[in-house]
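Visitor: Before I ask anything, here is the structure I am working with.
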Amino acid sequence: MEYILVSAGDRAARIASKLPDCIIIDRDANSAKRLAERGFEVLNEDASNPEVLARFDTDSKIILADDDEFNLKVAKVAKLLGFEVFAIARDEEKCWLYETEGISKICGSVEALLSTIFEKNRYFEIKVEEEMDGKTLKEYDAGEDCMVISVFRDGKVLQPFPELELKPGDTLALVCGEQVRLTKNPFDNILLLKSEMREKEIREAEIVAEKFGANLIVFEKVGNAYACVLEGHSESVNLEEAVKILKRSDEFDLIATTLKEKNEDVLKLLVSSFPTLILSGKEDYRKILALVNNSNPDVMINIAKAFSRFFGRVKVLLLDEEQIKHFSKFTETDLEVEVSTGNPMVDAVREFKSGCDLVILSLTNDVGNIDRGILWKIILDKETSVVVVE
C-alpha cells in the first residue's frame, strides 16, 4: 500500500480519488460504509491505535485529513512507527502543534497537500460555493501552491483576472505544485550583503523581506571580506568564496545589495547564482517595469509576477514578440503586457525615463539591442532599484 489516508466522508473520497494506491482508515462506521459503497478500499478502525498502523509497511505514506485534534493523535503514533506523515491543518494557528510532533509537511488545502506529495504540478477543478457569490477572484485564496488558470461558467471558458466576480456554480480550474509556489512567491530567504549602506537602503531590504514573508540574513562587510557563518563556523571570506558557500547551502533565493560603480565582474558573480536586487532606498515600489531583454525570460517573468502579487501592477515590456510564448495563462497577478513594435531600445529607454521605482532586467541582454552603456545607466541609477537576473 503506497498511501494510508486517515479521513472521512467527501474529503476522504476527494483525496483518495487522486491517489494511485490508497486505503482509507475511517473511524466512523457509517462514513466508512458509504465510502466502500463508492468503490474505495476502506478500513473502519481508529488510526490512533498503534496496532492499526502497525499492520502496514512503513514505506507507505500517512495522510492525515481528519480534525486537528485527532490528526495530532495519529501523527504521534505514525512518527513513532517510522512513517512519513503529511497533514492538512484545518486551523492554521495549530500548525506549530504539528511541528512539535515532527511533521513539517503541513498543508492548508487538499490541492496544496497533493502538490506537496507529488512535488509536481497537478490539475484540479473546484466548484464555487454560495459563500463566494459576488467575491472577486483575487479574494479567493487558492493557497501558496495553487493558481486559477480558467473559470468555467454556463458552458463557457473565462480567462481569469483579479477583478472577475465569481458566481455559485462556477468551476475553477487550478494548477498546483512547487513551480506554482515559486511563481507566486519565489523568495523564502533574502541575503543582504551589507557594506557601505545607508539606513534607507537597509530599510528597503527589510520592506521587501516583510512583503514576501522572507527571512532576511545579513552579511556584514569588513574591509574586503564578509563575515560568513553558514557552514557552522564564523570567518571572514572574500566575495567569490562567500557566493560559493551560499550556492552550496541552497538556502537563499535573492541577494540584496548596493552597487556604487560599474563592476561587471562582481555583478556577473552574483547573478550567476541568485537574482540580485540593487537597492536605492525606496520605501515602496509603486511603478515597476520588467524589461524582458533575455531570450529565455522565464525567471524574469516569474519575478515580475511575484512582485505584482505583493506590490501591485507591473508593466512588462517584451522586446521581441517571440517572448510572448513564455507567458502562461496564470493571470491572477496584475501584469500589463506590451510588445515593442518599433525600436526595442528606444521603447525600453522611453519606459525607463517615464519614472520607475523598480526595474527588472537581465544581464545577458541578448534581446532588444540595448546598448550595454544604457543598461548600466539603468542599473546604477540612484533613483531606481533594479532586480538583475542572469
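Visitor: Average the reciprocal distances over every distinct pair of alpha-carbons in the range 1-71, invert the result, and give the Kirkwood radius in Å.
Guide: Values: mean 1/r = 0.0839 Å⁻¹.
After inverting the pairwise mean of 1/r, the radius is 11.9 Å.
Visitor: For each pair in 73/211; 18/76; 61/156; 260/315; 76/138, compute the distance between the two Cα atoms and list the pairs where it is over 31 Å.
Guide: 73/211; 61/156; 76/138
Visitor: Based on the mean of other Cβ atoms within 10 Å per residue, sort peptides 153-160, 61-68, 130-137 so the most packed one is first.
Guide: So the peptides 153-160, 61-68, 130-137, ranked by packing, come out 61-68, 130-137, 153-160.
Visitor: Viscosity 1.567 mPa s, temperature 4 °C: Stokes-Einstein D of the range 263-390 from its Kirkwood Cα radius, in µm² per second? Could the numbers behind the result be given before it?
Guide: Working: Rh = 14.5 Å.
My calculation gives 90 µm²/s for D.
Visitor: I would also like to ask the following. What do you get for GluC sites (Glu not before Pro) in the range 1-71 restricted to DSSP loop and a cutoff of at most 15 other Cβ within 10 Å of the site's Cβ?
Guide: Sparse-neighbourhood loop GluC sites (Glu not before Pro): 2, 41.
Visitor: How big, on average over all directions, is the shadow cast by the Cα convex hull of the range 258-297, in nm²?
Guide: Approximately 3.9 nm², given one-decimal rounding.
Only the coordinates and a few stated rules stand behind these numbers; no lab work does. Here the structure is a predicted model, which means the values were calculated and not measured. Positions of Cβ are generated from backbone atoms using ideal geometry, with glycine treated the same way; all protein chains shown enter the neighbour counts.
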